[in-house]
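Bear in mind that the values in this text are calculations on the coordinates, not laboratory data. Every value quoted in this text rests on a predicted model; they were computed, and no experiment measured them.
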Amino acid sequence: IIPRGTSVILVMVILSSATVFISEFVSNTATAVSFFFIALSVFSGHNIPLLPILIGISLSSTVVFMGPLASPVNALAFGGVKGVNLRKMIMLGFFMNIIGITIMSILAIYFFPYYYKVY
């Protein structure tokens with residue numbers, strides 16, 4: 001599915017983004033497990049260690065608490081605060097998710113492989 005010359009960081013950003021934004025509406029555990037199987041099937045023919053990819057997916061599934069849609073508790077807690085409306089919460093949650101995706105992708109590709117001595 002993925003050409004051999006594709007950057008690992010690009011694939012990690014795509015998988016992390018999909019995990020985060022799907023987890024906003026569906027269970028983050030179910031999304032992470034589903035993307036584990038997708039990553040295993042996509043990278044089976046490549047010479048890329050799977051541990052950093054799987055760690056990145058699992059970390060990305062925990063970033064979704066930032067949006068108001070991910071947790072009813074977030075919507076209830078911030079719904080009663082004056083000056084905060086749903087549109088602001090969605091926009092800030094979106095930007096926080098983007099920041100989380102970036103951080104998790106960088107950690108998964110550059111930090112964790114050296115920490116776990118994968119490369």
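Structure values in brief
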read-out: Whole-Hz couplings from phi, Karplus 6.51/-1.76/1.60, listed for segment 15-31; x for Gly and Pro; value: 5, 5, 4, 4, 4, 5, 6, 6, 5, 5, 10, 10, 3, 5, 5, 5, 5
read-out: In order through segment 86-92: 3J(HN,Hα) via Karplus (6.51 cos²θ - 1.76 cosθ + 1.60), integer Hz, x for Gly, Pro; value: 5, 5, 4, 5, 5, 5, 5
read-out: Extension gain from Y114 to R87, taking 0.36 nm per residue of separation minus the Cα-Cα distance; value: 5.7 nm
read-out: Rounded to whole Hz, the Karplus (6.51, -1.76, 1.60) HN-Hα couplings of segment 105-114, x for glycine and proline; value: 5, 5, 4, 5, 8, 9, 9, 4, x, 6
